[in-house]
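Engineer: One structure, as structure tokens, below. Some questions next.
The values are calculated or read from the model by the stated rules, or taken from the named source; none is laboratory data. Quantities reported herein were computed from a predicted structural model and do not represent experimental measurements. Quick reminder, even Gly has a Cβ in these numbers, built from the backbone with ideal geometry, and neighbours come from all protein chains shown. Ligands, DNA and RNA are stripped out before the accessible areas are found, and what is left, the full protein with its side chains, is counted by its heavy atoms. Shrake-Rupley method; radii C 1.70, N 1.55, O 1.52, S 1.80 Å.
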Amino acid sequence: MHKKTIGDWSLDISVYLVLLLSGLATLLPLANVLSKAISDESAVVSGRVGIFPVGFQLDTMKHVVSSAQFLHSIGVSLLITVVGTVLSILLTAITAYPLSKRHLPGISFIMLLFIFTMLFNGGIIPNYLLMKQLHLINSLWSLMLPALISVFNMLVIKSYYESLPEALEESARMDGARNFTILFRIIIPLSVPVIATIALFYAVYFWNDYFHPMLYINDASLKPLQLYLRDIVMDADSSSAINKSVDDMMNVSPEGVRAATVIASIIPMLLVYPYLQKHFVKGVLIGSVKG
């Protein structure tokens, strides 16, 4: 066995130190927000809450999750995330399949068109005018259609397809299988790791997006959770952002409401991630083997 030198130990300690500091930089702000959400109202207002709660209470969290507007906005976000992710994965997987065939006529030019869209786009105003001409303002489709296919995600799936043995398709064709049969019954089942990874990418994007709803959604009944959250965070007086009585105002603070809303908004993603985490690293690594 190789005996570690002082240089090896120094390198290991440096790596672990960097990882520890990176982890703390990520977790400490989250701990602070969580502490504000479950701390006593007077402690939050006086600024005495750090990474640990002061005066434990759940009134603020109960108030936020029981708000009718919060529950409605989280339902809108779930609808956008589920429908958008399913459609995105379907279209991305279908698009990547023919592009993984290097014998396809004009494949280089077609790939150039896709990559061009990664570098250049029409901009905010042309996109808004397009949505307006398509009558998609105040429509949830305006939040899903423009993001159904990410070229980067498509290239990752395409690279994964190229890593699969060609003999699988050749044997299937000899048995009479057509392109869609091969794709949905052979290629996609073998691509679960990379598809699960890309599905997580799409789901996080749809769930966290607030810029496009801010542009295209004016109807309060169609506001997703992130836009509702933004309204609360940007509003110094959170009582105008959620419906509450005078008695409620005595038990919760605006800062605590904002913190509780942030925590409540990330819980769905935290619940989904463990089920996809086992595919996450494997899917990214395998999908990026080829260029």
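Engineer: Work out the length of the dipole vector of the stretch 1-110 about its Cα centre, built from +1 on the beta-carbon of each Lys and Arg and -1 on the beta-carbon of each Asp and Glu, and round it to the nearest 20 debye.
Structural biologist: Details: 7 positive and 5 negative charges, 93 e Å.
Using Cβ point charges on Lys, Arg, Asp and Glu, the stretch 1-110 gives about 440 debye.
Engineer: What order do you get for 11-23, 79-91 when each peptide is scored by the mean count of other beta carbon atoms within 10 Å, highest first?
Structural biologist: Averaged packing, sorted descending, gives the order 79-91, 11-23.
Engineer: Would you kindly calculate the mean projected area, averaged across all directions, of the convex hull enclosing the Cα atoms of the stretch 85-192, in square nanometres? It would help to have the intermediate numbers written out before the result.
Structural biologist: On the way: hull surface 33.1 nm².
Dividing the Cα hull surface by four gives the mean projection, 8.3 nm².
Engineer: Now, a different point. Let me check I've understood the local charge: for S35, count other residues with C-beta under 14 angstrom from its C-beta, Lys and Arg +1, Asp and Glu -1. What total comes out?
Structural biologist: On the way: positive: K36, R48, R258; negative: D40, E41, E255.
Combined, the nearby Lys, Arg, Asp and Glu give 0.
Engineer: Next question. Calculate for the chain the 222 nm mean residue ellipticity that helices alone would give, adding -39,500 (n - 2.57) per DSSP H run of length 4 or more and normalising by residue count, nearest 500 deg cm²/dmol.
Structural biologist: Working: 15 runs with 203 residues, N = 291.
Only helices count here, giving -22500 deg cm²/dmol.
Engineer: Ignoring any ligand, DNA or RNA, what whole percent of the accessible area of the chain comes from carbon and sulfur when the probe is 1.4 angstrom? Present the calculation step by step, with values, prior to reporting the outcome.
Structural biologist: Numbers: 11860 of 17170 Å².
After summing per-atom areas, the C and S share lands at 69 percent.
Engineer: Which residues among the stretch 66-86 fall inside the zone where the amide N is under 20 Å from a point 7 Å beyond the Cα of S221, along Cα→Cβ?
Structural biologist: Hits in the stretch 66-86 for S221 at 20 Å: 67-81.
Engineer: If you build a Gaussian network model of the chain, linking Cα atoms that sit under 10 Å apart, which residue out of T95, T117, T60 swings the most?
Structural biologist: It is T117.
Engineer: Considering only protein heavy atoms, what per residue accessible area in square angstrom results for the chain with a 1.4 angstrom probe? Intermediate values should be presented prior to the final figure.
Structural biologist: On the way: 17170 Å² over 291 residues.
With all protein chains present, the chain gives 59 Å² per residue.
Engineer: Once you keep just the Cα pairs under 8 angstrom separated by 6 or more residues, what percentage relative contact order results for the stretch 1-123?
Structural biologist: Numbers: 50 pairs, mean separation 15.9, N = 123.
Normalised by residue count, the contact order of the stretch 1-123 is 13 percent.
Engineer: Rounding to the nearest 20 debye, state how big the charge dipole of the chain is about its Cα centre with +1 on each Lys and Arg Cβ and -1 on each Asp and Glu Cβ.
Structural biologist: Working: 19 positive and 18 negative charges, 177 e Å.
So the dipole magnitude of the chain works out to roughly 860 debye.
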